[in-house]
Structures are given as structure tokens and as C-alpha cells.
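Notes follow once the structure below has been shown.
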Amino acid sequence: MIARLGRPMRWLLALGALLIIVGAVRYLVQAPTGQVIVQHDALGNSFEPSEPGLIGATTALGFILLGAWITGLLFRQIELPKLSGYLLFGVLVGPSLTRLLGIDLPALLPQGQLRHLALVNSLAIAFIALTAGGEIRIDFLRSGFKRIATITGIEVVTVLVGVTITLWLLSPMMGFLREEPALTVFFICLIIGVLEVANSPAVVIAILGETRAKGQLAQLALAITIFKDLLLIILFTIVLAVAVNAIGQDGATAGAGEIAQYLAVHLVGSIVAGIVLGFGLARVVHHTGDHVTLFVLAVALGIALVSEALGLETLLVALAAGFTMVNLWPERSAPFFHQIERLALPVYCLFFAIAGAKIELSKLMQYWPLALTIVGVRLAMVYGGTWLGATVAGLRGTPRRWLWTALVPQAGVTIALIASIEQSFAGQEWVMTLTSVLLAVVAIHEVAGPMLFRFGLHRAGEIADSPRP
Amino acid sequence: MLYLAESAARAHQTIEALRVFGAVALVAGIALLLTSRRLAALRRRQIVAALISGGWVAIATGFLLGPHALNVVRSATLLEVRPLLILGLGWVGLIIGLQAHRAVVKLIPNSLWRWVALDGLLSFIVIAALTSLILVWGFPTETSQARWIFLPAITLGVCAMGWSPETRSIRARATPEARRLGLLIQAGAGLSGMLAILVFGLLSPVTTRAIGEASPTLKPALAIGLLVAAIVLGGIAGFGGRWLIRQAGRDRPQLLVVMLGLIALISGIAAELGFSPLLAAMLAGLVLVNAGKARLVNFEHLIHKAEHPMAMLFYLLAGILLDPRVGAWGVVLIVAVIGFRFAIKPLVMSSMMGNLTREVPKGGALDTAPIRQAPLAIALAVALVLDEPSALSRQLLAVIALVGLVCDLVPILISIYQRRIRHRELTTAAATDSSEATE
């Protein structure tokens, strides 16, 4: 009977079976509450038992990989990006859905297990950035740098100024800001403006990889997204420091020197570290022989761990390393990037499913009118700014028409910046509401962004099976 | 203040993770160096080949980096990567299960089945009993009860079952009889491994440690229930896995997703429900390889590609986890197990494979092959530490590691000695012939 069903139905059945099995396990192994009793061995020595969430993380790993992969295949059947499938799978099985629906059953992917998969996140960012760096050729940058800088600059300014001013004008309607002084309201709108400049290189790279898109739009999308990320870190650091000085708690100030030092270490240090690493990797990669897979994993993990430990930006280190390798020693580095391409699928399944699982649906339900307003304003500014920048830069045709779709998705970088905001203004009355609204905005962009970008690539004729425009 | 840096707790976690990564990277670097062309001449020496292939270099490195030597990696940190260790156990179990294709099983002679069964039964009963007696002698009276010593006893018992499949380092001359015996040793090692996992998987859940209770209890009925659950899980995973592999086709990235996902899911569910990830994964492998007619060539190739690095990783982690402070009871246990392996196992082999062992020419040490401990023993001992991360478990891991080291090296030394004797005999004979010819 099952053999007679079509492929998508069989995938759906498989997904259902997986959900039932894991659901049954979750029900049988419900995490105990209360104090954990210290246990003893035969020698009389005491030890603490394993934390239930830690053991369950292995199941979570397998569940996410298989479930996200199958959902991605289903999405591909209906001409949607597999990436959106991974995200949606995460949303469906994450802890927030059961909380939102008020179902008194254990979540298929509890918070405790998600926490223990944090290393996977760091690994994925390093992977994605290595891939991105490996895609950028110096010839392309030389010939197109002026264009990239123009489009990026104009788009950033348009979004920043447009979103800030629009929200400031709409601020009397935002309940949580009514009691705040004008200066506070202005800086909050400015912070939102900066945050809405952010987009997701990870999503762009994943969609380009999934669709194997080739063309001017694909190249520009990648370069602009990465360049914007660099600009964003500088802009966000400066704006946050100024805002903290102006409206933060007493004593919580940062001088220009401190900001400059932070930028020097964080940005310049990350890029320099990445270049040095790229030199080193290119020298040893051809000695790895059959072990290149392990080498790639070790490099990505090493970048993630060392960057965190030294306070560097993982994304920039990996990006610079990949860029250096592919442009200085393209033949030597080819097996390395070929292997990254092979390992990308499990990494993307995990990364985006975990991102989906972390979306707080309750916040989305609570703040959806304001979130949708910000999304609408942002979309308008992104579209307008990109079109204007592309026109000034002399870009014509379908790339100019659809480039804006690459700058819509938001994901991990934005969430990390929101966490910085929460920490920087901890104790302020408005901060929890603000971060909840911003997370809701990210959730919308996270789900809709990949679909929009894939649509843009398709309309530009840069996906293999899409009609020429 | 710019709250853009990580919190102190997160930074500490990162540093600890960096230490573990550094340890793994160091062993990977050593492994790459040892397997490079430059050291090929060194690798040809029997002793060195045995130390590398047996994982002893990795274990020694792990011990040096661990809390009882340089303290670069703390064992508490290592236990934080338990999800990866559980995944590793699942990997080992799946590989072992995939070996049992029905076409291969049909070729196994009855004599080999008898040898494996007798060796397994004898080893398990004798060593488990010895372990129980030694632990009762070594421990305070109130803890010398079945519920305390059951798990350690059965773990030592299953670790004693079987032998190492590696025969190159106990080189015999390549006669047809030696080759045949070598093949039987390898096949027998595989069968023994499966038997050991089955016994461990059946008996280890008998001892349970419930959350909220300080000491273990014995629940045989629960163990039977968990065995049924393991069989059901293995069956579903095997059939489901086969279907998923067909969906992935020949696409390597998708096969990788299926492989990692399947192993993690099986081993994770097993660990959560309280039965052995090794057993569940082995059963899944058995079903996977036998469920259809077509061989899963690409899938098996992918799995086996990572066999060596996974093994090295296990050895490294075992070295970090073990606690060498075994005390008098530990020394007695080590001597007892080594004595059993040297005295009894070759006897069992020669009684079951008598004709073949007599036909194998001297100058090699194939007849000492059963003395060498199976590499699976380290994985089983690590599984014990995962199950019960206590000081006793780590000391038992040290016991198993030391037994393995001695039992690996001595047959090789015997082989080297025999070759030198033979070489001297040949040289003397040649010199005598030459002087007679001259006269």
C-alpha cells in the first residue's frame, strides 16, 4: 500500500513516523523536576548523574537531521527553498509551539537539549563563512568594488534613516514607549533602524548553494551581504555605545577610545587572524590526503572555538581565511572547498532547524501588529534603497529589479545583536518588550526571507531550471 | 560598558571546549604524522605497528593530557561531550552489525561457531566470577552486594570475550594454512564482538540507577523489557534506514545526513531509555544489511571511511577518562585476567581449530592471536563510564586498558623472538652448508 503512494506522501508518512517515535520517547523520558540526588559507586565515591538534557541531545541531533532533511525534500516538491523547510521543521518541533498552544505534553525538542547543541551553531557559522569566503574572487571584487560599495552604502543609509524616522513618527502609537522621554524614544528608534540594516549571509549562501544559482545577481547578493555585515558591526557598535552613554544606566558608559579598541580587536583582528589562518591552511591542506574531511571539520570547529575564546568574530575569521585560500592558492584549496560543499547539507539542516526551534512564537503572537509594521517599513526601505543604489551604480535589468530580495532575510547575526541590546540596557522598563518585538520581526524575515530570495533568483533567470527573463 | 563580550560562564565553557579540541587536534596531528610517508619505515617495525593499530599511542596521549598527568583536559569537561561519545558508540555498533550480511554468515564453518561460543561463554563466566570475587574482597562489606558489583563484573566479563581481528603484526609466513587461519581469526573476532555486545546489551540494564536514588537496584524484568525495546528500535531503524538510504540515492551529502541522523537517533533513544546504544545500533546494522537484496555500497563505504578516526577518538577519550589509581584489587584483577587470556584462550583455540593450528608453520604467532584483547573492549569500557561516571568505572577502564596493552605486546614480542630464532637457525644452516661445500 505504501509503495503505491506518491513520493511526497511517503515522505510525509516518514516524517509522521519520526515525530511519533520521538514523541513517544519524550513522553516516556520526561525530565524530572526537583533536586538531583548525588549517587555513589561501590567504592563509596559520590558522583553526579548525567543531566537528562545532555543525554537527550544525541536524540535531538538525529531527530533534527532526519526531520529537517525530509521537510526540506517536501518543500522542494512545492518549489519552495529547502531552507524554509528546515526552518519550519524547527518551528514545529521547538519548545515554543507547545507552550503557545497550551498543550501539556513535553516538547519534541526541549530547551535543555537545544542548549547543548550550541557548539553545532558555532560550527555552522564557521562553515558558512568559509564557504562564503571561498566564493568571492578577487577579480570580481576589483572590477565591481565601486558598484558594491555604492549599492551597499546607499541601501544602508536608506534603511537606517528611513526606518528610524518612520518609527519615530509612529512612536506615539507604540504603547511601551509612551512613558519614555523623547531622547530615549529617538535612540530606541535609531537602534531598531540599525538592526533592520542587518541581513543574513548564512541564508544567502545556503540558498545560492541549494539552487546552484549563477549570474550577476548571485554574485552581487553574496558580496553585498558580506560587505553589509562588516559595515553593520561597525555601525552597531558605535550606535549602541552612543545610546548606552545617552540613555543607559549610571556608570554604564563607553568612551571613544574603548569603542575604537573594541573595533580594532574585533574587526581588524578577526580579519588579520583569518588571513594568517588562510595562509597556514593553504600550506598544509595538500598534506591531508584522504583525511581532508576531518581536516575541514577540525578547521571549522577550531575557528569557532578559538574565535570565541579570543573575542574575535567567527564569521570574519572564517570569511577571511576562505577568501585568502581561494584567491592565493586556488588549485591547492580546491579539495578543501569541495569537501566543504559535501559537508554543507547536514550543517545547514542543523543550523536552520535549530534557528527555527529558537523562534519565540508567543512573542510573535503578542506583538504581531507592531512587528508587521516594522517588517513593512523595512521592506519598503530595502526595496527603495537597493533600487536607488543599483541605479546610481549603473546596474540595469533583472539584477537591479531583484537584488533587494537578497537583503530581506535575517537570522543568527540579528539575534545575536538583539541579545547585546538586552544586555546593554538590562533593567530598563522598555527593553524586554523591545527585544520581543525585534525577535518577532526576525522570525518573520527568517521564514519569509529565503522564499523571497529564491523567488528573486528564479525571476532573474539565475537558477538552472528557471526560464530566462 | 559594552556588553558585546561573552559572559564569564560562557567564556569558561569555551576555554574548556578549546582544551578538548586541542587534545583531539593534537592526536589527529600525531596520527597524520605517524601515517605519513616519512615514517613508513618506522611503521614497518612490528612493535610500532602494533602500538599504532591497537590505539595505544592515542590512549597514552590521552592519559598524558588527562587529569592524572598534565591536566590539559579535565574528565568532567569530557563528560560534557557525552552526546558525541554516545554517537561514537552507535557508530561502532552499526559497523559491527553491518558485517553480518547473510551471504557472509552462511560461509562461516561450524568449527568457528563452536570456537566463538566456547571462548565467549568461558571468558564471560570465568572473568565475571573472578571480578565479583576480587571486588567483594576489595570493597567495604556494606557495598559487596550484587547490585554494586553486577555492572562492573559483567563489563569485565564481556571485555574478556573474543580477541583482536588484527593479524598483520603477528606475522606468519603467507602459507595457505596461515592465510586460512588468519581469516578465521578475523571472522571469529567479528562474531565474538557481536556476541559481546549482545550479552552486554542484555545484562547491563539489569542494574538501573533511577533519578532520585543514590544507589543502584537490580531489575531483571526491566532488562527484558528494554531488550524487547532495543530489538524493536533496531528493527524500525534498520528498515526505515534502508528506505531513507534509497531516498538519498548516490548523493553523498544526503547519504551523510541519513547516516549521521540514523546513528544519532538510534544511539540517543537507546541511551535515553536506558539500554545499550551499542546493541540498538548493532541490531539496526544487522537489519539494514540484510533487509533487501541490494548491497548498500555507497552507505557502507561512507561509514567505513570514518572507522579509523572514530577509533582513534575513542582511544584518546579512553586515555583521558581512565583513572590509574586501581589499588590492590585492581592489580590482582589485571593479573587474573591476563593469566586467563594467556593460559586458557590459546587452549580453547587449539582444541576447536586443532588441525589448522598444527599445520601453520612456526615463525609467526598466529596461535597467540586469541590472547590479544578485542578493540571493542575499550568501547565497552567507555560505555560503562558513560553509564556510570564514577571513580570505579574509570579505574575499571584503566584495568581493561592495561590488560589490552600487555596482551597486545606479548604475542608480538613472541613473534619477533621466534622470527629471530628462525633467522639464526637459517643463518647457521647456510654457514654450515657453505663450509661443507668449501671442504
- Of the residues in segment B:228-249, those that are surrounded by 16 or more Cβ atoms within 10 Å (Cβ to Cβ) and among the basic types (Lys, Arg) come to B:242
- Item | Qualifying residue in segment A:58-69 (condition: surrounded by fewer than 24 Cβ atoms within 10 Å (Cβ to Cβ), at pLDDT 80 or above and either part of a helix (DSSP H, G or I) or within 14 Å of chain B (Cβ to nearest Cβ) (or both)) | no
- Note on the structure: Reported set for segment B:383-423 where residues are within 14 Å of another protein chain (Cβ to nearest Cβ) and among the hydrophobic types (A, V, I, L, M, F, W, C) is B:383, B:384, B:385, B:386, B:391, B:392, B:396, B:397, B:398, B:399
- Query: With B:255, B:265, B:278 as the choices, which residue is more than 9 Å from chain A (Cβ to nearest Cβ), crowded, with 24+ Cβ neighbours inside 10 Å and of a type outside the set (Asp, Glu)?
  - Reply: B:278
- Message: Tell me the residue from B:351, B:393 that is polar (S, T, N, Q), in a helix (DSSP H, G or I) and crowded, with 23+ Cβ neighbours inside 10 Å, please.
- Response: B:393
- Query: Is it true that residue A:324 is of a type in the set (S, T, N, Q), buried (at least 20 other Cβ atoms within 10 Å of the Cβ) and at pLDDT below 85?
  - Reply: no
- Exactly one of B:270, B:221, B:284, B:280 is modelled with pLDDT under 90, part of a helix (DSSP H, G or I) and closer than 23 Å to residue B:198 by Cα, and that one is B:221
- How about segment A:147-167: which of its residues are over 23 Å from residue A:366 (Cβ atoms) and surrounded by 20 or more Cβ atoms within 10 Å (Cβ to Cβ)? A:148, A:151, A:152, A:154, A:155, A:156, A:158, A:159, A:160, A:164
- Message: Against the definition (at pLDDT below 90, crowded, with 17+ Cβ neighbours inside 10 Å and closer than 25 Å to residue B:418 by Cα), how does residue B:365 come out, yes or no?
- Response: yes
- Quick one: is residue A:277 modelled with pLDDT of 80 or more and farther than 15 Å from residue A:318 by Cβ? no
- Task: Given the conditions (1) more than 21 Å from residue B:256 (Cβ to Cβ); (2) within 14 Å of another protein chain (Cβ to nearest Cβ); (3) modelled with pLDDT of 85 or more, report the number of the one that residue A:347 does not fulfil.
- Result: (1)
- Positions within segment A:260-289 being over 22 Å from residue A:123 (Cβ atoms), within 13 Å of chain B (Cβ to nearest Cβ) and not hydrophobic (A, V, I, L, M, F, W, C), in sequence order: A:261, A:262, A:286, A:287, A:289
- Query: Restricting attention to segment B:110-118, does a residue exist that is modelled with pLDDT under 85, on the phi < 0 side of the Ramachandran plot and not small (Gly, Ala, Ser)?
  - Reply: no
- Task: Identify the single condition in (1) over 19 Å from residue A:17 (Cα atoms); (2) within 18 Å of the chain's Cα centre (by Cα) that residue A:97 does not satisfy, given that it satisfies every other one.
- Result: (2)
- segment A:309-338, residues that are free of Cβ contacts under 8 Å to residues at least 60 places away in the same chain and outside any helix (DSSP H, G or I): A:311, A:312, A:329
- Query: Only one residue in A:49, A:8 is part of a loop (DSSP other than H, G, I, E, B), more than 21 Å from the chain's Cα centre (by Cα), more than 18 Å from residue B:257 (Cα to Cα) and modelled with pLDDT under 90, so which one is that?
  - Reply: A:49
- Could you list, in sequence order, all residues of segment B:309-333 that are farther than 16 Å from residue B:85 by Cβ and in contact (Cβ under 8 Å) with a residue 40 or more places away in the chain? B:323, B:324, B:325, B:326, B:327, B:328, B:329, B:330, B:332, B:333
- Query: Just checking, how many residues over segment B:161-171 are crowded, with 22+ Cβ neighbours inside 10 Å, touching a Ser or Thr at 6+ places or on another chain (Cβ under 8 Å) and either at pLDDT 75 or above or over 26 Å from residue B:337 (Cβ atoms) (or both)?
  - Reply: 3
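Residue by residue, here is whether (1) within 14 Å of chain B (Cβ to nearest Cβ); (2) part of a helix (DSSP H, G or I) holds:
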| position | (1), (2) |
| --- | --- |
| A:91 | no, yes |
| A:99 | no, yes |
| A:105 | no, no |
| A:122 | yes, yes |
| A:133 | no, yes |
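The values are calculated or read from the model by the stated rules, or taken from the named source; none is laboratory data. Worth saying up front: this structure is predicted, and the values here are computed from it rather than measured. Positions of Cβ are generated from backbone atoms using ideal geometry, with glycine treated the same way; all protein chains shown enter the neighbour counts.
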